[in-house]
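Take a look at the structure below.
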Amino acid sequence: MPFTLPPRTPSGPRRRSLLASAAGAFVLVGCSAPEPSTDTTVHSPSAADRARARAALDSESLAARYAAVITSHPPLAARLKPLRAEVVRHAQAFGGSGTAGSRPSASGSPSASASAHPSPSLTVPAQEKDALADLATAERTLADQRTKALLTVPGELARLLASVAAAGAAHAFLLTEGAK
């Protein structure tokens, strides 16, 4: 009579039981409430909130620049009002009021700066061509800033920044080459 070994029954839990337990523990850990932070930065705005607020302010400043040019050069109003309306919508999309630049104070002196962040008293070049070039430069500068910021903000805000940057580049084209 041949000697046979009795069937071996493993002692302890089986592999399936261990995997099921590990998966359950993972789910429970993922569902647990986060620990309260003792960090003092909890109440400060996030980087995304700061970027959104900055983008809104930049768009409002650009809208004010458009309004100043429209006031100084009324013949350009038909051409610039649709672009300014877009810039106002951009400010609103970023959470701004979109009301900046409704009553600009513009002078006919040449502009000293082509920055996207104009001073409180906006200066507009006396020549229409120069005023359009100033706006185009401001649009390009702001579009470049927004493109650079894409890597530092989360997904939805990055998509919005990319869209508005593309619109700004199109505005710059329309203000310069589009007029030829």
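The values are calculated or read from the model by the stated rules, or taken from the named source; none is laboratory data. This is a predicted model, so every value here is computed, not measured. A quick note on method: Cβ atoms are made from the backbone with ideal geometry, for glycine too, and the neighbour counts reach across all protein chains shown. With ligands, DNA and RNA removed, areas are computed over all heavy atoms of the protein, side chains included. Shrake-Rupley method; radii C 1.70, N 1.55, O 1.52, S 1.80 Å.
How many residues does region 148-169 hold that are under 9 Å from the mean Cα position of the chain (by Cα) and touching a residue at least 12 places away in the same chain (Cβ under 8 Å)?
Selection size over region 148-169: 9.
Working carefully through the options 138, 172, 143, find the one that is under 13 Å from residue 87 (Cβ atoms), without any contact (Cβ under 8 Å) to a residue 40 or more places away in the chain and more than 15 Å from the chain's Cα centre (by Cα). Full working, then the answer.
On the way: 138 fails: without any contact (Cβ under 8 Å) to a residue 40 or more places away in the chain; 143 fails: more than 15 Å from the chain's Cα centre (by Cα).
Sole residue among the options that is under 13 Å from residue 87 (Cβ atoms), without any contact (Cβ under 8 Å) to a residue 40 or more places away in the chain and more than 15 Å from the chain's Cα centre (by Cα): 172.
Are any residues in region 51-88 β-branched (Val, Ile, Thr) and either open to solvent by less than 30 Å² (accessible area, probe 1.4 Å) or in contact with a Cys (Cβ under 8 Å, 6 or more places away or on another chain) (or both), and if so, which ones?
Just the residues of region 51-88 that are β-branched (Val, Ile, Thr), to begin with: 69-71, 87-88.
Answer for region 51-88, where residues must be β-branched (Val, Ile, Thr) and either open to solvent by less than 30 Å² (accessible area, probe 1.4 Å) or in contact with a Cys (Cβ under 8 Å, 6 or more places away or on another chain) (or both): 69, 70, 87, 88.
When you check residue 30 against the structure, is it at pLDDT below 60 and either open to solvent by less than 50 Å² (accessible area, probe 1.4 Å) or at positive phi (or both), yes or no? Step through it out loud before you land on a result.
Working: at pLDDT below 60: yes; either open to solvent by less than 50 Å² (accessible area, probe 1.4 Å) or at positive phi (or both): no.
It is false that residue 30 is at pLDDT below 60 and either open to solvent by less than 50 Å² (accessible area, probe 1.4 Å) or at positive phi (or both).
When you scan region 121-140, how many residues do you find that are in contact with a helix residue (DSSP H, G or I) (Cβ under 9 Å, 6 or more places away or on another chain) and either among the β-branched types (Val, Ile, Thr) or modelled with pLDDT under 90 (or both)?
The qualifying residues number 4.
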